[in-house]
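The values are calculated or read from the model by the stated rules, or taken from the named source; none is laboratory data. Not measured: the values here are computed from a predicted model. With ideal geometry, Cβ positions are generated from the backbone for all residues, glycine too; neighbour counts draw on all protein chains shown.
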2 protein chains.
Amino acid sequence: MGLPKLQIALDNDVLSEALYSITQVGDEVDVIEAGTILCLAEGMEAVRCLRALYPDKIILADTKCADAGGTVAKNCALAGANWMTVICCATIPTMKAALKEVQDLQVELYGDWTFAEAETWMEAGLVQVVYHQSRDALFAGETWSEVDLNKIRQLVAMGFKVSVTGGLEMETLRLFAGIDVYAFIAGRGIRDVANPRQAAREFKAEIKRIWG
Amino acid sequence: MGLPKLQIALDNDVLSEALYSITQVGDEVDVIEAGTILCLAEGMEAVRCLRALYPDKIILADTKCADAGGTVAKNCALAGANWMTVICCATIPTMKAALKEVQDLQVELYGDWTFAEAETWMEAGLVQVVYHQSRDALFAGETWSEVDLNKIRQLVAMGFKVSVTGGLEMETLRLFAGIDVYAFIAGRGIRDVANPRQAAREFKAEIKRIWG
């Protein structure tokens, strides 16, 4: 079992605020995510700026692409993104078209996706999935459950690299102990605390304590 | 049965090209769509520019939003969009949060959505859906079938305003005769012909011939 990566999600509305956030924690994290909110607000200029500041980091464009996979992925790659996301209800041709243009692709799991669909993603060459607690579902009071953890275990058993996200805080990480998580994706749990750099280091230390 | 609207989808990679396209046909169409490709490439500046050029038109931001509905919708509305899209596999809280911020919301139908899910959208106050032939599916050779048309009829019967899109050309419109289509969404079928303005007028004339 490898050490899970730490991914920071920049879900800012404004590019300058995302850049301020990332200068606090960019050196501490493994993957820098231009969040959907940021991509839609500022376009690929956000990815270009992150690439300019962090030439050696993995940069993910969280487009949650549903169609026109080839074009969207090409634009992400041209802007400097290594990885991109597609939404789980995209068609297989959309996923395949996107996968050709970027180094790797993550399928974002929302709604009533099925393991039978997951098999088709695997057959199409996709190996990364993101298991999500919807931000809005979290606002509505839902949280991580044994049902979630079992689904994650099953995806890992199928051979997927599974990243998890949604309201993650340092205290949440231990819920996933014993599961081969590929990356933990944190946003406001790191960005919106008094000392984001220290928070990122504490996340990394907790990951090392549990999985190291 | 009302006259279906004509919506132009601007799926350009570059803002200036979208603006060039819209100056050709903006006066002829009912709804101007900042396509997903354009929103992700150029951000909400694309919507701001379209609003600046067409202060009185309905402008749609085709974000295909899957999460953080409230934030994404607020950003779209601030930029000047009237309508926004959400993806069908978004959660109901995401859809409800988005609906609060914009004048209207369209659910984009991709993948294995069900009529049972459509009932939950209706209960959540969503009345617009977009029936899609995936761009990538079209590239893979799929086209409009009686199965598609029957699903559209069923959605209309449920009370939805149904817009249709995907590889629409003027010759395709007659396939939908007798169906209460809310809007036809055309992209390259209008933008990428020798005379886009004439193409838009011919689309409108054909709509009037069939539904008028």
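With the structure loaded, tell me whether A:Leu78 is hydrophobic (A, V, I, L, M, F, W, C), farther than 26 Å from B:Ala77 by Cβ and not in a loop (DSSP other than H, G, I, E, B) or whether it fails that test. It is true that A:Leu78 is hydrophobic (A, V, I, L, M, F, W, C), farther than 26 Å from B:Ala77 by Cβ and not in a loop (DSSP other than H, G, I, E, B). The C-beta contact set for the stretch B:101-114 (first residue under 15 Å from B:Ile152 (Cα atoms), second residue aromatic (Phe, Trp, Tyr) and in a strand (DSSP E or B), distance under 7 angstrom, 6+ apart or interchain) comprises B:Gln106/B:Trp83; B:Leu109/B:Tyr131. The single condition among (1) buried (at least 24 other Cβ atoms within 10 Å of the Cβ); (2) not in a helix (DSSP H, G or I) that B:Asp56 does not satisfy is (1). Take the stretch B:33-53 and flag every residue that is assigned to a helix (DSSP H, G or I) and not hydrophobic (A, V, I, L, M, F, W, C). Passing the criteria: B:Thr36, B:Glu42, B:Glu45, B:Arg48, B:Arg51.
Report the residue count in the stretch B:1-23 for those that are surrounded by fewer than 19 Cβ atoms within 10 Å (Cβ to Cβ) and at pLDDT 95 or above. Qualifying residue count, the stretch B:1-23: 9.
Please specify each residue of the stretch B:99-132 satisfying the condition of being at the interface with chain A (Cβ under 10 Å from one of its Cβ atoms) and closer than 17 Å to B:Gly35 by Cβ. Hits for the stretch B:99-132 are B:Glu108, B:Leu109, B:Tyr110, B:His132. If only residues of the stretch A:86-102 that are touching a helix residue (DSSP H, G or I) at 6+ places or on another chain (Cβ under 8 Å) and outside any helix (DSSP H, G or I) are counted, the one that is farthest from B:Thr63 (Cα to Cα) is A:Lys100. Out of the residues in the stretch B:52-74 that are over 16 Å from the mean Cα position of the chain (by Cα) and of a type in the set (Ser, Thr, Tyr), which is nearest to A:Gly166 (Cα to Cα)? Checking each candidate, the answer is B:Thr71. Return yes when B:Gln7 is touching a residue at least 60 places away in the same chain (Cβ under 8 Å) and over 17 Å from the mean Cα position of the chain (by Cα) and no when it is not. Against the criterion (touching a residue at least 60 places away in the same chain (Cβ under 8 Å) and over 17 Å from the mean Cα position of the chain (by Cα)), B:Gln7 does not qualify.
Restricting A:Gly35, A:Gly43 to those that are surrounded by 22 or more Cβ atoms within 10 Å (Cβ to Cβ) and either under 17 Å from the mean Cα position of the chain (by Cα) or hydroxyl-bearing (Ser, Thr, Tyr) (or both) reduces the list to A:Gly35. Just so you know, in the stretch A:93-121 the residues that are modelled with pLDDT of 95 or more and of a type in the set (Gly, Ala, Ser) include one that is surrounded by the most Cβ atoms within 10 Å (Cβ to Cβ), and it is A:Ala98. Annotation note: of B:Asp67, B:Asp62, the sole residue that is assigned to a loop (DSSP other than H, G, I, E, B), within 10 Å of chain A (Cβ to nearest Cβ) and in contact with a strand residue (DSSP E or B) (Cβ under 8 Å, 6 or more places away or on another chain) is B:Asp67.
For the stretch B:10-32, name all the residues that are in a loop (DSSP other than H, G, I, E, B) and under 12 Å from the mean Cα position of the chain (by Cα). Hits for the stretch B:10-32 are B:Asp11, B:Asp30. Name every residue in the stretch A:19-48 that is within 12 Å of chain B (Cβ to nearest Cβ) and among the small types (Gly, Ala, Ser), in order of residue number. Hits for the stretch A:19-48 are A:Ala34, A:Gly35, A:Ala41, A:Gly43, A:Ala46.
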